[in-house]
Every structure is written in C-alpha cells, then in structure tokens.
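A short worksheet on the structure shown next.
The values are calculated or read from the model by the stated rules, or taken from the named source; none is laboratory data. Note that this is a predicted model, so its numbers are computed, not measured. Glycine also receives a Cβ, built like all others from the backbone with ideal geometry; neighbour counts cover every protein chain displayed.
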Amino acid sequence: KEGETYRTPDDKDPPVLHVELMNTDVVTDDGKTFPDLHFYTYLRYAAERVGVPGIQGGTIPIKIGPQATLDPYGHDNDEYQADPWFADYYCATLSYLMDRFKGCRANFKDRRNGGIGAFTPDNVPVFDWVADNAYMIADSNHGYKMMGVGKLVAEHLIMSQPVEALAPFALTRFEQGLTFGDRNSNCPWV
C-alpha cells in the first residue's frame, strides 16, 4: 500500500517469514479457491530488489527432475517462470495471514518471476570438505540463514578443529545413511 514501509519499529529489515498451514484452504478475497495447492508462503522485505518499499515472496517450489536448462538463468529463462495462478495464490495467503494485506492483489506487480533452486535429496544444506582445499557451503538460495553458518565455518577453517554444530550437515551423511529423512512438510525449507 502507498506509504507502507514494511520495516520493524526500530527501522530495520524484518525477518523472512515462512508459513505452512496443514489442512488450510487457500482462498482469495473474492472466494476463488486453490483446492489442489498446499498452504505455504514466504515473504521478505524487498526494497533493495525492487527499488521501493515492498515485499516479495513465493510458495513451494515445483520439482523439475534431474535435468534443467541453466542458460539463460533466472528471470531470463522462459521455462522457469511463476505459473499464471501465482499472483492470486500469493496474495490470498498474505491476506489470510495479515489483515494489512487484505485487498493486496490490486497492488501486486506482475513481472517475470522465477528461477531454479538447487536442493539436496533430503532438502538440508551441505557444509563440508568436498575436495582438497575445497570447502562447500551449499544452501537452498537463502543466504539470510548463512551468517551464522559462515561464522561456524570460519572457526572450523581457521582453527582446523571440527565444529559440532556443522557435523549433521556433512556430505558423507548420504553414504552413511544419516540423512534428515522425511518431515511433515511439503516445503524443502522446513
């Protein structure tokens, strides 16, 4: 909405919000339903990306299988754009969660929106040595989580000592059968 800043009371960027609701229909302000879609949404402050105060977000990624066209990447790739129903769905989830977003569909900016996310088989990051002098920090395109990880990895690399908090994220978990397994979520980030 015009004049909305989407900032915290102390004028900082708000946290990214992920919401998944089980057995909850997604219904637009005018009553349109999405019966085949699970209720999952995320939003974040987006002024640095769009040039004006606002939010951006998304929903559950669509699995595309083992092959993907990487060039061109991101918004320039016609194969991986948000589906036509996305704007109605996204605005409906926001409206359900917060009254301030009721009627927000009229303010939705339709633009190219899509890309490819890389996920491990158990949808959990990998932080580990992958070759001599090659340490991998691989997450699911969500760098906001990585500040704490970066600190732990720096301690590990500088001190040459294992950091217990990083152990569950080792690449070797797959061959050792120590994956995180199934969760009661339809979203890879949960």
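So, of the residues in the range 124-151 that are surrounded by fewer than 16 Cβ atoms within 10 Å (Cβ to Cβ) and part of a helix (DSSP H, G or I), which turns out to be modelled with the lowest pLDDT?
Applying the filter and picking the extreme gives 144.
Could you list, in sequence order, all residues of the range 130-139 that are free of Cβ contacts under 8 Å to residues at least 40 places away in the same chain and touching a strand residue (DSSP E or B) at 6+ places or on another chain (Cβ under 9 Å)?
Selection gives 135, 136, 137, 138, 139.
Checking the condition under 17 Å from the mean Cα position of the chain (by Cα), among the aliphatic types (A, V, I, L, M), within 30 Å of residue 34 (Cα to Cα) and modelled with pLDDT of 90 or more, which residue from 87, 106, 92, 82 passes?
So the residue among 87, 106, 92, 82 that is under 17 Å from the mean Cα position of the chain (by Cα), among the aliphatic types (A, V, I, L, M), within 30 Å of residue 34 (Cα to Cα) and modelled with pLDDT of 90 or more is 87.
All but one of (1) farther than 22 Å from residue 58 by Cα; (2) touching a strand residue (DSSP E or B) at 6+ places or on another chain (Cβ under 7 Å); (3) of a type in the set (Lys, Arg) hold for residue 151; state the number of the condition that does not hold.
Exception for residue 151: condition (2).
Within the range 127-136, does at least one residue satisfy the condition of being of a type in the set (Gly, Ala, Ser) and assigned by TED's automatic domain parsing to the domain that holds residue 179?
yes
Which one of 65, 74 is farther than 28 Å from residue 6 by Cα, of a type outside the set (S, T, N, Q) and modelled with pLDDT under 80?
65
Somewhere in the range 23-40, is a residue surrounded by 14 or more Cβ atoms within 10 Å (Cβ to Cβ), assigned by TED's automatic domain parsing to the domain that holds residue 93, in contact with a strand residue (DSSP E or B) (Cβ under 8 Å, 6 or more places away or on another chain) and closer than 18 Å to residue 107 by Cα?
yes
Looking at 31, 114, 57, can you tell me which residue is in contact with a helix residue (DSSP H, G or I) (Cβ under 8 Å, 6 or more places away or on another chain) and modelled with pLDDT of 85 or more?
57
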